[in-house]
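Just below is one structure, and these are the notes that go with it.
The values are calculated or read from the model by the stated rules, or taken from the named source; none is laboratory data. Keep in mind that what you see is a predicted model, and the values were worked out from it rather than measured. Glycine also receives a Cβ, built like all others from the backbone with ideal geometry; neighbour counts cover every protein chain displayed. With ligands, DNA and RNA removed, areas are computed over all heavy atoms of the protein, side chains included. Shrake-Rupley method; radii C 1.70, N 1.55, O 1.52, S 1.80 Å.
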Amino acid sequence: MEFFEYTAHELQKLLKAKEVSAVDVAKSVYDRISEVEPDVHAYVTLTENMALAEAASIDKKRAAGETLGPLAGIPVAVKDNMATKGVLTTCSSRILSNHYPVYNGTVVQKLYDAGIVMTGKTNLDEFAMGSSTETSYFGTTRNPWNIETVPGGSSGGSAAAVAADEAIMGIGSDTGGSIRQPAALCGVVGLKPTYGLVSRYGLFAFASSLDQIGPITKDVTDCAIMLNVIAGHDNRDSTSVKVDIPDYTKSLKKDIKGLKVGVIKELMGEGIDPAVKEAITKAVELMASLGAEISEVTLPNAEHALSAYYLIAPAEASSNLARYDGVRYGHRTERDVEDMLDMYMKTRAEGFGAEVKRRIMLGTYALSAGYYDAYYGQAQKVRTLIISDFANAFESVDVVISPTSPTVAFKIGEKTENPLQMYLSDVCTIPVNLAGLPGISLPCGLSGGLPIGLQIIGKPFDESSLLTASYAFEQAFEFKDKPNMGSD
Amino acid sequence: MALETVIGLEIHVELNTNSKMFCGCPVTFGEPPNTAVCPVCLGHPGVLPVVNKRAVESAAMIGLSLNCTVAPLNQFARKNYFYPDMPKDYQISQYDLPICGKGYVDVGAGGATRRIGITRVHMEEDTGKLIHKGQSGRIHGADYSVVDFNRAGVPLMEIVSEPDIRSPEEARAFMVKLRSIILALGISDCNMEEGSLRCDANVSLREFGEEKLGVKTEVKNMNSFRALRKALEYEVARQTKLIESGERIIQETRHWDDAGNITTSLRSKEEAHDYRYFPDPDLVNILMDADEVAKLKVALPELPDARAERLARDFNLEAGDAKVLALNKPLGDFFEETVAGGADALRAANWLLHEVSATLNQTDTEIDDSAFTPRHLIDLLKLLDKGTISGKMAKEIFKESFETGKLPSVIVEDSGHVQITDEDALTKIIDQVIAENPKAVEDWRGGQERAVGFLVGNVMRLTQGKASPDLVNKILKERLS
């Protein structure tokens, strides 16, 4: 087995035992990148020099017997919407195509402190707005399972990189499903933590009340390891919560006897691919066989979640993206301008892609005088209903289950004509963001050679139950498939 | 047609907290451009605001000192618009749920005291400063503009008055009172010329007895109390003329041109601003604990009204004089320090309110900046008390002391300006003057009181003004009888 094929927890053992050096691990990953990246295009920027230098430094420290962080020497891919000081951070947008942050985001710093070897910055839908990575200014990423299909989005780059072994672990962000859905389409594990568990400082904001950073990994164990590193209150983020952070690896138990599992009625009906439905049903049966108590739960307002989301998220985005005006950083038009307004308009017209413009306009409209109450205000009220739907469900169950995505990976270009079609990809994931709950996706089968994702949702700050349910399922299901790439 | 003036003021107070409203950058003034900045107040991608606790306390203190309710819950909202001095292209402010609600200030103007309502107090962040490089320094016709973000993010408190003000003079008095209250709190330099105290006014007219408000204009760019009064007087006159000639008032923003003494319309490209306010999702609601607020209230420093009452009562001052000393905190402090050093209260007050204030005004000096300190005044009053100098001499010595910073007793010593109180010496001179001016003496005997003054004047002349006037009068009368 090549080093690039291992999980982080397997490599940790090898590295600690000095059976391999961090440099060798990094080199192995970069060899893999050279091999498959032309097909996958997971990365916007590769940071090979920085990575090898860091790997060498880790090796040196280890040789000297110094204490090392929990991810020391592990190659990790970082989504290109997180501030990495001195390293190009573009949000896959032309408007930031020349932007070098002057600081490290909190999560990035935590990962650095844990000793990661950052392989590079991964591709995303522009400003994280999308479900396929097709809106990236730098061209789409392709799904390693079938390069004619999308990897999902917006964290398509990170998910594809992990799936194709172009990184041992990845980190993404999730606003309406952007970690979980690409994880599902790429056959890897993706976790969106409870809103407030992980600091957003350094995450280039899309929708402030929905965004969260989370791990994208090859298995549930790696997910827990990374969550340990990134979770925790941050003084720089007023929306981060002071909660006790347990050791999430202690939740990696196989015993789910008596675990109460609710299957979301509304997300197993129309609009879900039959093959997907079947895989979820089988997954639930497997969990039952492990001793879980299965029931059906209902989220009566789930049908309104998509609409509420597509008012709240664009509204917040329209405000968050106002700062990209060409004044202080990023792209500024080089055309002649008449006045300030002209400069703003030309800069932003040139700098933003169509989907971003669409959402800014939608969001501006939803907040405008005379429409606020009917749109943004109303959407927030619906959000409260969705929160209480989940709260009600959790009175009788510990976790709830649904498909992550209504379909498997679709063809590149298949849904780009009609934005609304694309938005429907998020119908299972969006309610989780609206309610601020933790949600994980893990592989539970294939259909036509393409992965299907099982979504498990937990109570606020109960990532532990989530990880236990996921680990138990994963260990019992044994999803061993890998995409057919490169020389294997 | 008798028209009633209706004025409402919108005031901004820049706090002097250590750090900015939402980041740890220092609040500075006059530093090189863009040196007190960080990714947060520059609006870099990925940054988040963190609330300055001291600023929140200051806002509550302002509300409490203006008799406002402090809301149990307040919330930050985004005010969205594009302008290059705003790093995020939105300003974090407060909209639906401001920190303080209704209150009032009692303002004395034109001999009457009226209660002016306060609508609300809320917190927001200041913008950066734009500098236009070109002929006039104004945006029109500039070659290019540059922006300094040192000020961006400085805590700004907005205070809105009810449209209860009824004259430009009252508006000015309101601002003076407000300034003295906030200065007493110690949370702002409150300086209109420096921009730490700003004021915009809404002005409209209506017939007396009419409840409905007339069409208002907003007046901006008033950078001193004097400009405020002049601008409002001009605007009231302008609107009066229009109304009397049957014309409509156009609702617009007008810019006070201090050089030209007029307000000009800023209509140009103005569209109505829709700020699309919504609660800032990066910040959580602020809960004001009732006990904490009560503690803040108890801990409020002495405010001007209370101080005026105390000064009048404890030092037996005239109410009017006490008010003046209380409204001007540095002057009031000077007074109390002087009295604490042993000086007579009434005389100290007198000197401060007249000679000292007049000189400060003439030389455009702030009392805290002048070389003349309470120690100097105590010294001066002691010399007067002992009779070492006369009242007239005291005025001259004060001027020199103010200019040079020398203690009055030192000045007296150096110049030998000691008042002549030696009765024998004076008697000799007085006899001389009597002898030399028989006509004046005759006039006086004839009933002309003025003649005494003439004789006294001669004595003063002969003694280079050093003779004690009281003694001269006394001895002269004796010698004449």
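Need one value for B:36-45: mean number of C-beta atoms belonging to other chains within 10 Å of its residues' C-beta atoms.
For peptide B:36-45, the averaged partner shielding equals 5.
As I understand it, the value is the acute angle between the Cα axis of helix B:374-386 and the longest principal axis of the Cα atoms of chain B; what does it come to in degrees, rounded to 10?
20 degrees
Of the listed pairs A:Lys242/B:Lys102; A:Lys253/A:Lys482; A:Lys277/A:Lys480; B:Lys53/B:Lys79; B:Lys20/B:Lys216, which have alpha-carbon separations greater than 28 Å here?
A:Lys242/B:Lys102; B:Lys20/B:Lys216
Hey, what number do you get for chain A at 222 nm if only DSSP H runs of n ≥ 4 count, each worth -39500 (n - 2.57), divided across all residues, to the nearest 500?
-11500 deg cm²/dmol
What residues have an amide H closer than 5 Å to that of B:Gly153, excluding those fewer than 5 places away on the same chain, when H is modeled at 1.01 Å from N in the peptide plane?
Counting only residues 5 or more places away or on other chains, the set is B:Asp126, B:Thr127.
If you count, for every residue in A:416-422, the Cβ atoms of partner chains within 10 Å of its Cβ, what is the mean? Kindly include the intermediate steps, with their values, before the conclusion.
Values: counts 0, 0, 0, 0, 0, 0, 0.
Counting Cβ atoms of other protein chains within 10 Å of each residue's Cβ and averaging gives 0.
If R₀ is 56 angstrom, what is the calculated FRET efficiency for the pair B:Glu31 and B:Lys466, using the beta carbon separation as r and rounding to 0.05?
Calculated transfer efficiency: 0.60.
Quick one: net charge around A:Asp398, please, counting Lys, Arg +1 and Asp, Glu -1 for every other residue with C-beta under 10 Å from its C-beta.
On the way: positive: A:Lys260, A:Lys459; negative: A:Glu293, A:Asp462.
Net of charged neighbours comes to 0.
For B:Lys133, give me every one of the lysines with a C-alpha distance below 24 angstrom, ignoring sequence neighbours fewer than eight places off in its own chain.
Counting by Cα, and skipping residues close in sequence, B:Lys133 has these lysines nearby: A:Lys346, B:Lys88, B:Lys220, B:Lys269.
Enter the angle in degrees (range 0 to 90, nearest 10) between the Cα long axis of helix B:53-65 and the first principal axis of the Cα atoms of chain B, meaning the one along which they spread out most.
60 degrees
Select from the range A:221-298 those GluC sites (Glu not before Pro) which occupy a DSSP coil region and have at most 10 other Cβ atoms within 10 Å, ordered by residue number.
A:Glu270
I need the peptides A:299-305, B:453-459 ranked by packing, meaning the mean over residues of other C-beta atoms within 10 angstrom, with the highest value on top. The partial results should precede the final answer.
Values: A:299-305: 19.3, B:453-459: 17.7.
So the peptides A:299-305, B:453-459, ranked by packing, come out A:299-305, B:453-459.
Under 1.5 on a/c is rounded, so check that first for the range A:424-488, then, if it is not, pick prolate when a/b is larger than b/c and oblate when it is not; a ≥ b ≥ c are the square roots of the alpha carbon gyration tensor eigenvalues.
It is oblate, given that a/c is not under 1.5 and a/b is not larger than b/c.
Taking Cβ-Cβ under 4.7 Å as the only way to count a partner, pick out the unpartnered cysteines of chain B.
B:Cys23, B:Cys25, B:Cys38, B:Cys41, B:Cys190, B:Cys199 - these cysteines have no disulfide-compatible partner (Cβ-Cβ under 4.7 Å) in chain B.
Just flag the GluC sites (Glu not before Pro) in the range A:397-477 sitting in loop per DSSP whose Cβ has no more than 12 other Cβ atoms within 10 Å.
Passing sites in the range A:397-477 are A:Glu417.
For chain A, which DSSP H helices look membrane-span-like by this rule: Cα extent along the axis of 24 Å or more and mean Kyte-Doolittle of at least -1.0? Walk me through the intermediate numbers first.
Working: long enough: A:22-40 (26 Å, -0.07); A:378-396 (29 Å, -0.01).
Sorted by number, the helices that extend far enough and score high enough are A:22-40, A:378-396.
Just counting partner chain Cβ atoms within 10 Å, what average do the residues of peptide A:370-376 show around their Cβ?
The mean count of partner-chain Cβ atoms within 10 Å per residue comes to 1.
Just grab the label-to-label distance for B:Glu169 and A:Lys411, each label 7 Å out from Cα along the Cβ direction, in nm (one decimal).
8.5 nm
If each of B:Ile262 and A:Asn392 carries a label point 7 Å out from its Cα toward its Cβ, how far apart are those two points in nm?
6.8 nm
Any idea what the relative contact order of chain A is, in percent, if you count C-alpha pairs under 8 Å spaced at least 6 apart?
Details: 1186 pairs, mean separation 85.8, N = 488.
18 percent.
Helix-derived [θ] at 222 nm for chain B: sum -39500 (n - 2.57) over DSSP H runs of at least 4, divide by residue count, nearest 500?
-12000 deg cm²/dmol
Under the 0.36 nm per residue contour assumption, what length would be gained going from the current alpha-carbon distance of B:Asp289 and B:Phe82 to full extension?
Stretched out fully, the B:Asp289 to B:Phe82 stretch lengthens by 70.9 nm.
Please work out whether the range A:218-319 counts as rounded, prolate or oblate from its C-alpha gyration tensor, where a ≥ b ≥ c are the square roots of the eigenvalues and a/c under 1.5 means rounded, while otherwise a/b larger than b/c means prolate and anything else oblate?
Details: a/c = 2.25, a/b = 1.10, b/c = 2.05.
Oblate, because a/c is 1.5 or more while a/b does not exceed b/c.
Among A:Ser178, A:Ser295, what's the order by accessible area (1.4 angstrom probe), most exposed first? Please list the in-between numbers first.
Working: A:Ser178 10, A:Ser295 50 Å².
Of A:Ser178, A:Ser295, the descending order of accessible area is A:Ser295, A:Ser178.
Tell me which lysines have Cα within less than 22 Å of A:Lys121's Cα, excluding those fewer than 8 residues away on the same chain?
Within reach: A:Lys27, A:Lys79, A:Lys85, A:Lys110, A:Lys192, A:Lys218.
I need the Kirkwood Rh of the range A:101-169: take the reciprocal of the average 1/r across all distinct C-alpha pairs and report it in angstrom.
12.7 Å
Could you compute the FRET efficiency for B:Ala345 and A:Ala64, with r as their C-beta to C-beta distance and R0 at 60 Å, rounded to 0.05?
Taking R0 as 60 Å, the efficiency between B:Ala345 and A:Ala64 is 0.20.
Can you tell me the order of A:435-443, B:28-36 when each peptide is scored by its average per-residue count of other Cβ atoms within 10 angstrom, highest first?
So the order, starting with the most tightly packed, is A:435-443, B:28-36.
Within a Cβ distance under 11 Å of A:Thr7, other residues only, what is the Lys/Arg minus Asp/Glu net charge?
Working: positive: A:Lys13, A:Lys218; negative: A:Glu5, A:Glu10, A:Asp165, A:Asp219, A:Asp222.
Taking every Cβ under 11 Å from that of A:Thr7, the sum is -3.
Using only Cα atoms, find the angle between the long axis of helix B:225-244 and the longest principal axis of chain B, and express it within 0 to 90 degrees, rounded to the nearest 10.
Rounded to the nearest ten degrees, it is 70.
With a 1.4 Å probe, what is the total accessible area buried between chains A and B, in Å² rounded to the nearest 100?
Roughly 2700 Å² of accessible surface disappears when A and B pair.
Mind listing which trypsin sites (Lys or Arg not before Pro) in the range A:20-105 are in a DSSP loop and have 16 or fewer other Cβ atoms within 10 Å?
On the way: sites: A:Lys27, A:Arg32, A:Lys60, A:Lys61, A:Arg62, A:Lys79, A:Lys85, A:Arg94; in loops: A:Lys85.
Sparse-neighbourhood loop trypsin sites (Lys or Arg not before Pro): A:Lys85.
Can you list the residues of the range B:274-307 that have at least 40 square angstrom less accessible area with all protein chains present than in their chain by itself, probe 1.4 Å?
Output list: B:Asp274, B:Arg276, B:Phe278, B:Pro281, B:Asp282.
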